[in-house]
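The block underneath contains the structure these notes are about, expressed in structure tokens.
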Amino acid sequence: LLHPSFEEMIIYARGKLPGVWFLLATNGLALFDKRDPGRPARLLAALKECDVSVYVSTHRPEVAGPAVELLLRAGIKVGVNTAFVTSGFDWAGQVEWHGGAAPRSICQYIAQGWATVLQDGAIVNCCMDAHGLYPIGNVNDEVLPGRIDPIPLCTNCHLEVPR
């Protein structure tokens, strides 16, 4: 959402990948752009047009609540990510965070073959790899289907690597 051409990029990606499920994870801050009041409207229109599901993190409740309401009013599929409260989610040991006692769940990125696109176009196989340390491709290159394998961050992750 931080990229100034995000709306155009999501429309382009949807045209190239019509059958792929698009999920956007956000803390909701970028949905309220005070510098460009028209941007949220353009963003919401693009998300709705491209059938993007949006998960809003609850680690900033003062932003998450209004973000969820805004998305719902726009007719966008919305979910909330409570992992910061209900599990030991600590960005695979990269940040000091609450360590919950919830049972470990299976990493869906590896189990389902999901990937994350970073703002520079790098494709990584883990949402915890926000710095793009383990890229598997780039949106500017032809991406071939392949197996999503564990990366070093998996060692410290609260999620379980599927067998």
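The values are calculated or read from the model by the stated rules, or taken from the named source; none is laboratory data. All values derive from a computational prediction rather than experimental measurement. Using ideal geometry, Cβ is built from the backbone for each residue, glycine included, and neighbour counts are taken over all protein chains shown. The protein model used for the area step is the full one, side chains on, heavy atoms only, and it has no ligands, DNA or RNA in it. Shrake-Rupley method; radii C 1.70, N 1.55, O 1.52, S 1.80 Å.
A few points about this structure:
- For the chain, modelled as a GNM whose springs connect Cα atoms under 10 angstrom apart, the maximal fluctuation among V63, V139, V95 occurs at V95.
- Ranked order, F22, F32 - accessible area, probe 1.4 Å, largest first: F32, F22
- The chain: calculated mean residue ellipticity at 222 nm from DSSP helix runs of at least 4, using -39500 (n - 2.57): -7500 deg cm²/dmol
- Proximity of backbone amide H atoms, modeled 1.01 Å from N, is registered between V78 and V54 at under 5 Å, excluding neighbours fewer than 5 places apart on the same chain.
- Spacing of the modelled spin labels on L133 and D120, each 7 Å from Cα toward Cβ, amounts to 1.4 nm.
- Overall dimensions of the range 1-77, expressed as equivalent-ellipsoid semi-axes from the Cα gyration tensor (√(5λ), whole Å, largest first), are 20, 14, 11.
- In terms of packing, defined here as the mean over residues of other Cβ atoms within 10 angstrom, the peptides 47-54, 155-162 line up highest first as 47-54, 155-162.
- Normalising the average separation of contacting C-alpha pairs (under 8 angstrom, six or more residues apart) by the number of residues puts the relative contact order of the chain at 17 percent.
- Among beta bridges that DSSP assigns inside the chain, antiparallel share in %, nearest 5: 35 percent
- Expected-Rg normalisation [2.2 N^0.38 Å, Cα atoms] applied to the chain: 1.07
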